[in-house]
Amino acid sequence: MEFELWWLLAFPLFFVLGWLAARLDIRQVVKESRSLPRSYLTGLNFLLNEQQDKAIDSFLEAVKIDPHTIELHFALGSLFRRRGETDRAIRMHQNLVSREDLSQEQRLQALAELGQDYLKAGLLDRAESAFLQLKGTRLGDISSKYLLEIFQQEKDWAKAIEVIRSLPEHEQVMWRKELANFHCELAASAIADSRFGEAHEHLDEALAQNRQCVRASLLRGELLADQGDDEAALDVWKRVENQSPIYLAMVAEPMMEAYQRQGRVEAGLQLLASWLERHPSLDLLDEVFQWELEREGPRAAYELVRDELRRNPTLLGLDKLLEAALLTAPVEQRHDIDLVKQLIHGHTRRVARYRCDACGFKARQFYWRCPACGGWETYPPRRTEEFDLSP
């Protein structure tokens, strides 16, 4: 390639043009920053230092000086919502939506912010209306996720299913667990109203969406048992071991009732004992203990818990051991054993809770959906002590 003389003239020319462009950009930035109210910059400084009260005061002052600064209104509305002052946030964003000088993009953003205000305030019908107006726009995906949250709070599971099905196919896959639970909710409602055919359809759909949906198996077993088919119900409940063995304690009680109706309690106890050996669980131990206590008496229940305690030492297991020991001990020793049992029982109240894997929220009862973070199946049916003992 030959060197051209005019290249020597082009290099300085390009340099000068770049320098002029940079100077123009700098001047524009300086000009824009000088046009902003000083209180706006002060508010930003307070916001960066997490001083929200002072930031709001500064932003309000800036809005008074320059009421056409749209970004300030958005910032103020967001701050009000985060502080729980939803009425002020709603007024701020309502004013933005009603302004005629907003661009289409700004109006959509204001509508999305207003929908979030309504949702935070618990005005679900107004929030739904706001987000529905965003369907088919660039904020359609965001509105779908908020609508999904609204329909879950309203327990409108049919609409929640419609929202998920309106998502792109690759996003639907991400919501399979939630979709299965929505169908389980509809199935539970159908069972309560004796619409058994409809319940079976929803459970089929739940398992089609998520083959590992233990809740669908639990409900299917209950439905079959209610219809008098205990053998089919037992077959369904036994599948839970392959789906997720940590849920076995939840099928133990209805399974034993089915075995009892069939006159096969011994076979049921043998199955639960084998589960307990393969999948240690405090709730499963409690179920086996109660049946052993009722069927074989305190001595057999004591030996059962003692052996399990040797394999998996827990305070809750010790509490059960003392309960059995109290029934078998001589009269003169029962007072002392009862005293120890009361002390242990007081400590077990702290470790006998369920804990959400997603947010850590603890509760004494099991939930399919965490009441704190709203996650589905984030509550494993395992007690806090079992998590603490896990390696």
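Readers should treat all values here as calculations from the given coordinates under stated rules, not as data from a laboratory. None of the values given here were measured: they were computed from a predicted structure. Methodologically, a virtual Cβ is constructed for each residue, glycine included, from the backbone with ideal geometry; neighbour enumeration extends over all protein chains shown.
Before moving on, here are some points about what is shown:
- Residues D229, D336, sorted so that the one with the fewest Cβ neighbours within 10 Å comes first: D336, D229
- For the cross-link pairs K341/K362; K145/K362; K155/K362; K155/K341; K177/K362; K238/K320, the ones whose C-alpha atoms lie over 31 Å apart are K155/K341.
- ³J(HN,Hα), Karplus 6.51/-1.76/1.60, whole Hz, each residue of segment 262-276, x for Gly, Pro: 8, x, 10, 4, 4, 5, x, 5, 5, 5, 5, 5, 5, 4, 4
- Distance from segment 207-225 to segment 266-333 (C-alpha centre basis), Å: 29
- Extension gain, E231 to E294, is 20.3 nm, computed as 0.36 nm per intervening residue step minus the present C-alpha separation.
- Taking amide hydrogens as placed 1.01 Å from N in the peptide plane, the amide H of F361 sits under 5 Å from those of C356, each at least 5 positions away in sequence or on another chain.
- Efficiency of FRET from Cβ geometry, E241 and Q153, R₀ 45 Å, rounded to 0.05: 0.85
- ³J(HN,Hα) computed for each position of segment 245-251 - Karplus, 6.51 cos²θ - 1.76 cosθ + 1.60, integer Hz, glycine/proline x: x, 5, 8, 4, 4, 6, 9
- Residue order, fewest to most surrounding Cβ atoms within 10 angstrom, among K341, K177: K177, K341
- Cα gyration tensor shape for segment 264-351, rounded if a/c is under 1.5, else prolate or oblate: oblate
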